[in-house]
Amino acid sequence: MVMSPQFTSCMLLGGILSFTACASDTAPPGYENPSSNGGSGGSGGSAAGGAMGTGAAGGVGGTGGAGGTGGVAGTGATGAAGGAGGTGGTGAAGGVGGTGGMPPGPCNLSGRWLVVERSVEEAIGVQTALRHWMYFEFSQTGQDVTATRGLDCGFDVVPLSALGGAADLRKAWPKIMENNQMAGRKATIQQAASGCAVAFPAFVFVSGATAAYYKNKSNAMPGPNDKASGSTPGWEDWDADGNPGVTYNLSGIATGQVFYAGRQTNTWSGSISQNASNFTIADVPIHENALLGYNGSSLLTTPSNVAADRSLHFVEFARLNATQATGDDTATCNAVRMLAPTLAPKGNAKPF
C-alpha cells in the first residue's frame, strides 16, 4: 500500500513501533595498545687486541623500531707492541615506531576510530533507539581534525522497552556506505580546564534518495511519486527489493514493512580527558523522513519524535588498534558492526 507523502522531524522508531515522517525537530571498543618499543641497542664488539691491543667499543643501538646490531670489532694485530683493536661498527638507525595504540599525545584524535551514534525517538510513551555505526581515520594539525577516511556503516532500530519494535535495514547498508562517504569531515579539539573540548559541526546523511541533492537541506524530501530518473533527483530503491527508498523490516508487537527516504543531521560536542582512547560526547540529532509507503497495519506509521531528553542522544568513540577493522570498505564496516558490542557497549546496547 502506498501512502501520500508525509514529512516529519522524527525518524521511524516510536509507538508500537511507530514509523513516520515529520517536520524538523531538533532535540536534542576501548583499547590500549602500547606504541612500538624501540629496538635493542646494537651489541658491543669485543675484540681481543694483540699483546697490547685495545678492545673496540660496541655499536650504538638504534632508536624507535628494531635497532641494528653493532658491527663486530676487528682483531688487533699480534706483535711486540700490539696494534690497536678495531673499532666496532655503528648500529643502524632503528625503524620507525608503529602508530596507533596509546593516544599520540594530549588532545589528539589522530588515528583510527570506531564510532556508534545513538539517538532516541518516542511515540505514545514508547521509545526506540537508532544505532548508527561509523568508521574514521583522522589526521590532526594543531586543533584542526580532518577525516582522511570516513565510512557510514549503516544503522538499525532497537526497542528500549517490551512494547517497542525493531527495524532491520541490513539490505540497504551497502548503498548507505557507498553514498555517505565521510572523508573530509571536520572537527576541532583543544585543551580546556576539564581536559579537551571536542566539536564536530553538523553533518548530513541521506538514505533512500539521491544523496548529493538531498544533502542540501533546503531541498524538500521526495514523495511517493518522486522517483529519481536520469538527472532528476528523487527516491531510489537502495535495497533492490522493488520498493521505494529504504525498507524498514519491522518486528515486535507490530510487524510489516515501511518505506522511507531519510535525512539525518547530527552535531557532536563535549569534553573528554586529554588522552582518551574511549569517550562519549553529546549528539544533537535531527531526523527527517519521507514516508513512501508501507505493507501492514497503518499503526506502523504512527508519528514519532526525537526524544526531548537530550541525555538520551550521544555518540561513543573507541580507538582501534592496528589489527582491528582493516581491509576494504565492506570488510571494515563488517568488522565495525561486529566489534561495536565490545568496544562501544553503551552506544550499541540492545536491552530488549
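Computed from the Cβ-Cβ distance with R0 of 25 Å, the FRET efficiency linking residue 225 to residue 298 stands at 0.80. Cα to Cα, under 14 Å, and not fewer than 8 places away if on the same chain: which aspartates and glutamates meet these conditions relative to residue 217? Reachable aspartates and glutamates: 25, 288.
When you count the other C-beta atoms within 10 angstrom of each residue and take the mean per peptide, 203-211, 106-114 line up highest first as 203-211, 106-114. Note on residue 311 and residue 192: the extension gain reaches 40.6 nm, defined as 0.36 nm multiplied by sequence separation minus the Cα-Cα distance. Full extension of the chain between residue 216 and residue 204 gives 3.5 nm of extra length, using 0.36 nm per residue less the Cα-Cα distance. For residue 261, the residues whose amide H sits under 5 Å from its own are 246, 290, 292, ignoring neighbours fewer than 5 places away on the same chain, with H placed 1.01 Å from N.
Annotation: extensible slack from residue 253 through residue 178 equals 23.7 nm (criterion: 0.36 nm per residue apart, minus Cα-Cα distance).
Coordinate-derived values only; no laboratory data. The shown structure was predicted, so the numbers you read here are calculated from the model rather than taken from an experiment. So basically every Cβ, Gly included, is an ideal-geometry build from the backbone, and we count neighbours across all protein chains shown.
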